[in-house]
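J.: I have a structure here, written as structure tokens, and I will follow up with some questions on it.
The values are calculated or read from the model by the stated rules, or taken from the named source; none is laboratory data. Just so it is clear, the structure is predicted and the values come from calculations on it, not from any experiment. Here the Cβ positions follow ideal geometry from the backbone for every residue, glycine too, while neighbour counts run over all protein chains shown.
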Amino acid sequence: MAAGWITVVAPYLPEIVRLARPIFTRTPPPLVDLGQQRRNDVVDAQIVELQDAASQNADSIGKLAADMQKTIEALHLAAARAETRLVRAQALALVATTIAVLAFSLAAWALAR
């Protein structure tokens with residue numbers, strides 16, 4: 001099945017998300033002129049924004065992974081139910097075919113007599 005790899009990867013998704021979550025560390029820059037300090041402040045603000053965005057993305061990916069895992073479990077349950085229905089339908093078809101053959105044989109025997 002084309003989506004077979006999803007079932008293999010699904011249990012590991014939370015661990016993958018945990019490992020992929022970036023961890024940023026900042027060290028305060030040495031004091032320099034005001035122009036450099038302003039640039040450093042802008043860079044610091046950008047780093048904070050990127051850290052927040054990365055954290056939000058990691059949280060969203062974690063939620064997505066949990067939802068995907070639930071979806072896969074639901075698909076497995078639906079596949080099992082469909083398999084059960086298919087087995088029942090095949091059994092019913094076999095019984096119907098057997099009855100039809102017996103009825104045809106009985107009709108042929110009755111006409112031959």
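Okay, residues lined up against (1) modelled with pLDDT under 85; (2) touching a Gly at 6+ places or on another chain (Cβ under 8 Å); (3) polar (S, T, N, Q):
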site: ASP33; (1), (2), (3): yes, no, no
site: LYS70; (1), (2), (3): no, no, no
site: ARG85; (1), (2), (3): no, no, no
site: THR98; (1), (2), (3): no, no, yes
site: ALA103; (1), (2), (3): no, no, no
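J.: Looking at segment 50-73, I want the residues that are touching a residue at least 24 places away in the same chain (Cβ under 8 Å) and have a partner that is among the charged types (D, E, K, R) with Cβ atoms under 7 Å, at least 6 apart or on another chain. Which pairs are those?
T.: Cβ pairs passing all conditions: ALA58/ARG21.
J.: Surrounded by fewer than 10 Cβ atoms within 10 Å (Cβ to Cβ) and not basic (Lys, Arg): which single residue out of ALA79, ALA110, ALA93 fits that description? Step through it out loud before you land on a result.
T.: Numbers: ALA79 fails: surrounded by fewer than 10 Cβ atoms within 10 Å (Cβ to Cβ); ALA93 fails: surrounded by fewer than 10 Cβ atoms within 10 Å (Cβ to Cβ).
Answer to the check: ALA110.
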